[in-house]
Amino acid sequence: MESKCILKHVIHLNYYNLQVLDLVEVSLDIAINIIQNTNGNLWKIKIRCHADYDRIKEYDQTIHQYCPNIKYVTVFLNDETLKELEKIFIKCQHLVAIDVLENFSSSEYANKLLNLLVDLAPLTLYRLHIDFITNFNREYLKLFFTNWNRKGRKTLHLYHLCDYLRERLVVKNIRELEYYNDDFWNHRITMLNDEKND
């Protein structure tokens, strides 16, 4: 019993002032535990290669409950967690970039995500990565870009894994991203428009 108490204090002391959390191949249980012990100081959370999709709702809840100052965050979405994303958008008003790792069962949920981004995302948000953009309906993507611009938001920087959009849509401000070798939050952005004008 005494060792559990000591471990709890060690975890609390180690993560209390943590501001950046960058994890690879770690269970969401560990990420959740760390986030809950950071005293709300985290402004960046990046998680890669996790395998426990059964904990994503709790992870997303932890973000909106413990990270009011978050600017850059990885979120995990499935058909049941879009409500948690709504809460993240409402409670985390400093978001600049969001990395969406989704496991939707149909394009219906992917389209709901696009609507949430337009309707509820903080005005500070302008960088977006979606891991499987091919799950999205082409017409909904066109509508999303149109609606994003109509809302008077910052120019959207959409990062993705493949040439899917470039090959199927004429869309401004998309930057290609090699997902595992490049950190899209720190990558120097070059606009497609600028490249075409050169």
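Tell me whether region 161-171 contains one or more residues that are surrounded by fewer than 16 Cβ atoms within 10 Å (Cβ to Cβ), acidic (Asp, Glu), at pLDDT below 80 and more than 24 Å from Ile56 (Cβ to Cβ).
Checked region 161-171: at least one residue is surrounded by fewer than 16 Cβ atoms within 10 Å (Cβ to Cβ), acidic (Asp, Glu), at pLDDT below 80 and more than 24 Å from Ile56 (Cβ to Cβ).
Just give me the residues in region 113-153 being exposed (fewer than 14 other Cβ atoms within 10 Å of the Cβ) and in a loop (DSSP other than H, G, I, E, B), in sequence order.
Leu123, Lys151, Gly152
The values are calculated or read from the model by the stated rules, or taken from the named source; none is laboratory data. Values in this document were obtained by computation on a predicted structure and should not be read as measured data. For neighbour counting, all protein chains shown are included, and Cβ atoms are generated from backbone atoms with ideal geometry for every residue, glycine included.
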